[in-house]
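Asker: Take this structure first; my questions come after.
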Amino acid sequence: MKVLVAVKRVVDYNVKIRIKADKSGVDTANLKMSMNPFDEIAVEEAIRWKEQGKANEVIVLSIGPQSAQDTLRTALAMGADRAILVKTDDEVQPLAVAKLIKAVAKTEAPDVILLGKQAIDDDSNQTGQMLAALLGWPQGTFVSSATPDENHRITVIREIDGGLETLSLVCPCVLTTDLRLNEPRYASLPNIMKAKKKPLDVTTPADLGVDTTPRLTLLKVEEPPTRKAGMIVGSVSELVEKLKNEAKVL
Amino acid sequence: MRALVIAEHDNRHIKPATHATVTAALQLGGTVDILVAGTRCAAVADQAAKITGVGKVLLADDAVFAEFLAEPLSTLIVGLAEDYDALVAAASAAGKNIMPRVAAFLDVQQVSDVIAVVSPDTFVRPIYAGNALATVRSNDKKRVITARATAFEAATETGTAVIEAIPTVSDPGLSRFLERRVTESVRPELTSARVIVAGGRGIGSDSAFSLVSQLADILGGAVGASRAAVDAGFIPNDAQVGQTGKIVAPDLYIAVGISGAIQHLAGMKDSKVIVAINKDGDAPIFQIADYGLVADVFEAVPELIDSLNA
Ligand SMILES: Cc1cc2nc3c(=O)[nH]c(=O)nc-3n(C[C@H](O)[C@H](O)[C@H](O)COP(=O)(O)OP(=O)(O)OC[C@H]3O[C@@H](n4cnc5c(N)ncnc54)[C@H](O)[C@@H]3O)c2cc1C
Ligand SMILES: Nc1ncnc2c1ncn2[C@@H]1O[C@H](COP(=O)(O)O)[C@@H](O)[C@H]1O
């Protein structure tokens, strides 16, 4: 089984972002960047399948600027076999990302494509579902368990609003990861060294014949409303009194 | 402008998020129809027909939709899209699963998790865990939108829309439903509860988590959790509140043993009144709490339960 994993380079989840003074966007210059946490989970899953003998090749793919190579190297250090960078300095929105991944999938012909359920910068939660549509493949979104079998099917458990749901999907299929799927490993120093020698191919949206013109125009970015400062109460009885008589919620 | 809202339901009851979605769709400024796709779900169509502002209920009643699989549902919605300028669903697990698939078939860039409609093509949506609000204009020929239910008032029920049965689609056979394990609870649903008591890692164990549920029960509220509490197995996944869990906005949110990471705040900071109980006076949750109590959960919560019971 061949597995393709899409990884996005995003502002690290621990970093507080700044909005540009002219409201034109978020200032990401000089911020710590990391692999999108859901994509780390996706890479980890693919590597585990390989270790269990269920997958024979793990390819990681990122769309972004030259610096996205660092994210791909991290994935290679975790254990992926080779990497593809679709290099562009332009903003690429989920539909165009899905088209680019589809174009790569046409040549690579993976049995499974793993993505994160959501990029923690744009919070779109779209790309995997769009990719599945464009390829005409089944989708297993928000998965907390994924078990490939010998019959070219994958059993997935999905996190849904009311609980959990189990589906059986035919391969090839698209899966998107949720937080409970696994705990990603840290790359060891020797593996980081080894990753430098693993193959990393670079292509472009033009090479792949995909138009990435944004369909959504960003008009402005603003701070969310802030809450007014609250108070510290001294005791449980004071809390109850405030909730009853001041906030009037009890 | 003609909008089609995708109703969310369990074949018996329409989910309250649908009412908020109708409000969002009405703000596009045109007519609003509603799609009820399911199996033996005529009762749901009747409920949908009552929602104020709905022009017509399209009923697709077929076994193929019994489990709401994304593949047949998206095929159905794409087939209806020609008659509509906008397709709108709730930004729930179900809406998030289906709508991007619809959007891609239509070659439309979806606008996710909309919290305000500025004009028929311009919307506000949170990015970076709600630390920024982006205003975006869609340049596509159609809109595909998911709306954040807590950001829109629920539409009332004074309507008498007509119900029209529509042709169904065949199962593409790409995925097969095996099982659903629904967390059984007599408590109100998280996303529509008036009161939520949420527990975090500070609770320490799943047995101690019953303190949180007891407090919720006294207040007639729902039980929520941080990611850390879910990861630790104190409570099932569907209780997670946050950037990547549920978005809630109750009248009262009591956070117990939760530090207040931005990913958690993203899901609850629009609550009307926020109470935090945490033994660390420097915990970031206190920066957004209306009332903070610096105390040990195991002392404060039993005392709170006692005084509310008294
Ligand atoms: C991609 C990604 C997505 C995420 N999505 C979400 C999400 O949707 N929702 C979410 O909640 N988190 C999410 N997180 C996790 C988030 O970053 C935090 O790790 C998490 O919210 C912390 O949970 P917590 O506050 O329960 O635990 P901690 O941060 O460990 O806080 C525990 C708190 O309990 C207090 N405490 C301990 N013992 C006691 C006691 N006896 N009495 C009183 N107080 C006590 C401590 O002082 C501390 O403040 C996400 C993270 C990532 C990377
Ligand atoms: N630029 C990108 N490069 C690689 N993968 C991406 C990119 N953008 C999104 N993805 C994938 O799509 C998932 C969902 O992203 P989104 O739909 O933007 O929330 C991410 O977790 C990634 O797996």
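Asker: So which residues in region A:118-146 are more than 7 Å from chain B (Cβ to nearest Cβ), within 13 Å of ligand 2 (Cβ to nearest atom) and part of a loop (DSSP other than H, G, I, E, B)?
Answerer: A:Ala119
Asker: Does region B:266-284 hold any residues that are more than 10 Å from chain A (Cβ to nearest Cβ) and either surrounded by fewer than 24 Cβ atoms within 10 Å (Cβ to Cβ) or on the phi > 0 side of the Ramachandran plot (or both), and which are they?
Answerer: Across region B:266-284, the qualifying residues are B:Lys279, B:Asp280, B:Asp282, B:Ala283, B:Pro284.
Asker: Go through region A:111-163 and count every residue that is under 18 Å from A:Val3 (Cα atoms) and charged (D, E, K, R).
Answerer: Qualifying residue count, region A:111-163: 5.
Residue-by-condition table, conditions (1) assigned to a strand (DSSP E or B); (2) modelled with pLDDT under 95; (3) surrounded by fewer than 20 Cβ atoms within 10 Å (Cβ to Cβ):
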position: B:Ala104; (1), (2), (3): no, no, no
position: B:Asp107; (1), (2), (3): no, no, yes
position: B:Arg125; (1), (2), (3): yes, no, no
position: B:Arg137; (1), (2), (3): yes, no, yes
position: B:Val144; (1), (2), (3): yes, no, no
position: B:Thr150; (1), (2), (3): no, no, no
position: B:Ala155; (1), (2), (3): no, no, no
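Asker: Among the candidates A:Val104, A:Val97, which residue alone is away from ligand 1 (no atom under 16 Å from the Cβ) and within 14 Å of chain B (Cβ to nearest Cβ)?
Answerer: A:Val97
Asker: Next question, about the same structure. Out of the residues in region A:147-156 meeting the condition of being among the charged types (D, E, K, R) and part of a loop (DSSP other than H, G, I, E, B), tell me which one is nearest to the other protein chains (Cβ to nearest Cβ).
Answerer: Among them, the one singled out is A:Asp149.
Asker: Could you please find all residues in region B:168-198 being out of contact with any strand residue (DSSP E or B) (no Cβ under 7 Å at 6 or more places or on another chain), in contact (Cβ under 8 Å) with a residue 24 or more places away in the chain, more than 9 Å from chain A (Cβ to nearest Cβ) and not small (Gly, Ala, Ser)?
Answerer: Across region B:168-198, the qualifying residues are B:Val169, B:Asp171.
Asker: Do we have B:Val118 as in contact with a strand residue (DSSP E or B) (Cβ under 8 Å, 6 or more places away or on another chain) and part of a strand (DSSP E or B) here?
Answerer: yes
Asker: Tell me, which residue of region A:50-68 that is within 16 Å of ligand 2 (Cβ to nearest atom) and surrounded by 18 or more Cβ atoms within 10 Å (Cβ to Cβ) is nearest to the other protein chains (Cβ to nearest Cβ)?
Answerer: Top of the filtered list is A:Ile63.
Asker: Return yes or no: is B:Gly53 of a type outside the set (A, V, I, L, M, F, W, C), over 15 Å from B:Val144 (Cα atoms) and touching a residue at least 24 places away in the same chain (Cβ under 8 Å)?
Answerer: Taking the combined requirement at face value, the residue satisfies it.
Asker: For region A:12-22, which positions are under 25 Å from B:His264 (Cα atoms) and surrounded by fewer than 19 Cβ atoms within 10 Å (Cβ to Cβ)?
Answerer: Scanning region A:12-22 gives A:Asp12, A:Tyr13, A:Asn14, A:Val15, A:Lys16, A:Ile17, A:Arg18, A:Lys20.
Asker: Also, quick follow-up: Would you be able to say whether some residue in region B:290-302 is assigned to a helix (DSSP H, G or I), more than 12 Å from chain A (Cβ to nearest Cβ), more than 16 Å from ligand 2 (Cβ to nearest atom) and surrounded by 21 or more Cβ atoms within 10 Å (Cβ to Cβ)?
Answerer: Checked against the condition, which is being assigned to a helix (DSSP H, G or I), more than 12 Å from chain A (Cβ to nearest Cβ), more than 16 Å from ligand 2 (Cβ to nearest atom) and surrounded by 21 or more Cβ atoms within 10 Å (Cβ to Cβ), region B:290-302 yields no hits at all.
Listed here are the residues, each with its yes/no results for (1) polar (S, T, N, Q); (2) away from ligand 1 (no atom under 16 Å from the Cβ); (3) within 29 Å of B:Val144 (Cα to Cα).
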site	(1), (2), (3)
A:Ile63	no, yes, yes
A:Asp81	no, yes, no
A:Val86	no, yes, yes
A:Thr127	yes, no, yes
A:Val156	no, yes, yes
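Asker: I'd like the residue in region A:23-49 that is within 13 Å of ligand 1 (Cβ to nearest atom) and of a type in the set (Asp, Glu) and, out of all such residues, is surrounded by the fewest Cβ atoms within 10 Å (Cβ to Cβ).
Answerer: This residue is A:Glu40.
The values are calculated or read from the model by the stated rules, or taken from the named source; none is laboratory data. Everything numeric here is computed off the predicted structure, so don't read it as measured data. Counting neighbours? That spans all protein chains shown, and the Cβs are built from the backbone with ideal geometry, glycine included.
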